Amino acid sequence: MARCHEKVRNQRKDYHHKLSFRLAEEYDAVAVEDLDLKAMSRGLNFGKSVMDNGYGNFLNMLSYKLEQRGKVLVKTDRFYPSSKKCSKCGKVKETLALSERTYHCRCGNHMDRDVNAAINIREEGKRLLCA
Ligand SMILES: [Zn+2]
């Protein structure tokens, strides 16, 4: 079991290296969400899986690879409502259940929740870069 776990971790690390390399080569700036993983694992009962997914390690890899190339990693504030905000009209929902996989807004915007959030993070990243 321990060995199996180690293998999974190594594969993931390898994947993270490749992905961060590709991103750093391809883009001049990458915007990411600065997640409070500890708070998430406490608040949402994701427990170990969130802590374990290596997001923090991945960001570190990405950050130094971008830096080596004179590029930047922009982190949106952890309170920035990337999921709750409509990427079309900017309206922010008060609540958004984790089970809602599609974002619906009164302005007519219906899109995948993660795509909506990704657009918001990109736009916020641009704003932060130009501030
Ligand atoms: Zn909207």
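The values are calculated or read from the model by the stated rules, or taken from the named source; none is laboratory data. All values reported here derive from a predicted model rather than from experimental measurement. Here the Cβ positions follow ideal geometry from the backbone for every residue, glycine too, while neighbour counts run over all protein chains shown.
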Query raised in the report: Using beta carbons and a limit of 9 Å, which pairs, at least six apart or on different chains, have the first residue in segment 1-26 and among the charged types (D, E, K, R) and the second one surrounded by 10 or more Cβ atoms within 10 Å (Cβ to Cβ) and outside any helix (DSSP H, G or I)?
Result: 9/54; 12/53; 12/54; 13/54; 25/69
**Report entry** Boolean, residue 18 is at pLDDT 75 or above and not in a helix (DSSP H, G or I)
**Finding:** no
Query raised in the report: Among the numbered criteria (1) surrounded by fewer than 16 Cβ atoms within 10 Å (Cβ to Cβ); (2) away from the ligand (no atom under 14 Å from the Cβ), which single criterion is violated by residue 59?
Result: (1)
Report task. Might you let me know whether segment 39-54 holds any residue that is under 13 Å from the mean Cα position of the chain (by Cα), in a strand (DSSP E or B) and modelled with pLDDT under 95? Result -> no
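Okay, residues lined up against (1) more than 10 Å from the ligand (Cβ to nearest atom); (2) surrounded by fewer than 17 Cβ atoms within 10 Å (Cβ to Cβ); (3) outside the structural domain of residue 33 (by TED's automatic domain parsing):
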{"position": "86", "(1), (2), (3)": "no, no, yes"}
{"position": "89", "(1), (2), (3)": "no, yes, yes"}
{"position": "93", "(1), (2), (3)": "no, yes, yes"}
{"position": "100", "(1), (2), (3)": "yes, yes, yes"}
{"position": "109", "(1), (2), (3)": "no, yes, yes"}
{"position": "115", "(1), (2), (3)": "yes, yes, yes"}
